[in-house]
1. I'd like the residue in segment 95-118 that is assigned to a loop (DSSP other than H, G, I, E, B) and at pLDDT 90 or above and, out of all such residues, is farthest from residue 175 (Cα to Cα).
2. Which residue, of 112, 88, 96, is in contact with a Gly (Cβ under 9 Å, 6 or more places away or on another chain) and either under 15 Å from residue 2 (Cα atoms) or of a type outside the set (S, T, N, Q) (or both)?
3. Quick one: count up the residues across segment 153-168 that are of a type outside the set (Lys, Arg), outside any loop (DSSP other than H, G, I, E, B) and at pLDDT 95 or above.
4. Kindly indicate whether residue 171 is part of a strand (DSSP E or B), of a type in the set (A, V, I, L, M) and either in contact with a His (Cβ under 9 Å, 6 or more places away or on another chain) or within 24 Å of residue 92 (Cβ to Cβ) (or both).
5. Just checking, how many residues over segment 124-139 are touching a residue at least 60 places away in the same chain (Cβ under 8 Å) and assigned to a loop (DSSP other than H, G, I, E, B)?
6. For residue 105, are the conditions met, namely being of a type in the set (S, T, N, Q), touching a strand residue (DSSP E or B) at 6+ places or on another chain (Cβ under 8 Å), touching a residue at least 40 places away in the same chain (Cβ under 8 Å) and surrounded by 13 or more Cβ atoms within 10 Å (Cβ to Cβ)?
7. Can you tell me which residue within segment 76-85, out of those that are of a type outside the set (Phe, Trp, Tyr) and either in a loop (DSSP other than H, G, I, E, B) or surrounded by 17 or more Cβ atoms within 10 Å (Cβ to Cβ) (or both), is nearest to the chain's Cα centre (by Cα)?
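The values are calculated or read from the model by the stated rules, or taken from the named source; none is laboratory data. Note that the coordinates shown come from a computational prediction; the quantities given were computed from them, not determined experimentally. Cβ coordinates were reconstructed from backbone atoms using ideal geometry, including for glycine residues, and neighbour counts include every protein chain displayed.
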Amino acid sequence: MLLEDAAEEFSALLGIRYKLTLGHKKKSEVVEISFHPEDFHHLAGLHKLKGSYAILDTQNDILSMIRAKEFSTTTIQKDAAFPLISERLEILSHFREFLESKTTSIYAFDPRNAHITTSLPKGLLAKGRIASIPVAFSLFVRDTGEYTACSVFAMNKGYDYAIRQTKFAILMREKLIQDKNNSWASTILYRHPAYREDFST
């Protein structure tokens, strides 16, 4: 079920960070992406539902409630807005695959440069794909030094949000996994063959 699969996948990300070394014009910067349970409500598009669901009107941890089967796909699949959020849920259900794929590109997103009018904020834009969605996007915004997921969506009506945005070279992609001692172990997912640690910063 879409909602449950998305919740399970996002829950697995709560103990994971992605550390990206990005390059542009012979300069580099290191950014970290982290995930928080309170972000799931918006990422999943639950705020777009048309029906009245008391469980969504509280400050309860909706992610835990979905995993506890207190809120499910069955609850919302007849909602008028469910078709609108189903693609979001599909992307979230494969979010690690999307973030770790070598085909996923990263852009500096500035809405002032967008070729269409958008309410998306300034941040980092990831553009990639999953098996069922040829072009998918995720936007990350900076929060206290780290980036957190702000939105996920599929390309709609041919609107490519990466157009006119600055594309970074991904010099290194690392996956940081938190252990029981709250330490972070790093696994290098990708390293550009020409990348050197002394790359200009």
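1. 114
2. Result: 88 is the single residue among 112, 88, 96 that is in contact with a Gly (Cβ under 9 Å, 6 or more places away or on another chain) and either under 15 Å from residue 2 (Cα atoms) or of a type outside the set (S, T, N, Q) (or both).
3. Number of matching residues: 1.
4. yes
5. 0
6. yes
7. So the residue we want is 85.
Results for (1) assigned to a helix (DSSP H, G or I); (2) on the phi > 0 side of the Ramachandran plot; (3) free of Cβ contacts under 8 Å to residues at least 60 places away in the same chain, shown as yes or no for each residue.
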{"position": "4", "(1), (2), (3)": "yes, no, no"}
{"position": "18", "(1), (2), (3)": "no, no, no"}
{"position": "32", "(1), (2), (3)": "no, no, no"}
{"position": "42", "(1), (2), (3)": "yes, no, no"}
{"position": "51", "(1), (2), (3)": "no, no, yes"}
{"position": "64", "(1), (2), (3)": "yes, no, yes"}
